[in-house]
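Working notes for the structure below.
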Amino acid sequence: MSLIKITFARTGQETVIEATDWRDAVRQTGRSDACHITHHEKAVVPVAAWFDADMPHGIGAHTVESALAGAVAYLDSQEVAQ
């Protein structure tokens, strides 16, 4: 088990959850907007917000705020489609 930081895309609120991996941490929140943020300084797109533990999706961006906004836009589009 590790401590994994989760950020809620809709509010920007952060929490730390003890879990086996990021997907387990996202599941434990019970929220669809729970994201695990990764940073890759040398990548073309240095930040990614990973969400949906069962069918993982990642939204890449240059800032955390942009990645979270992308996640919210994706989640909103999925809710409209349903």
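The values are calculated or read from the model by the stated rules, or taken from the named source; none is laboratory data. Quick caveat, the model's predicted, so the values are computed rather than measured. The protein model used for the area step is the full one, side chains on, heavy atoms only, and it has no ligands, DNA or RNA in it. Shrake-Rupley method; radii C 1.70, N 1.55, O 1.52, S 1.80 Å.
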Carbon and sulfur: what percent of the chain's accessible surface (1.4 Å probe)?
53 percent
Which of (i) 1.00; (ii) 1.19; (iii) 0.96 is the computed Rg/Rh (Cα atoms, Kirkwood Rh)? It is (iii)
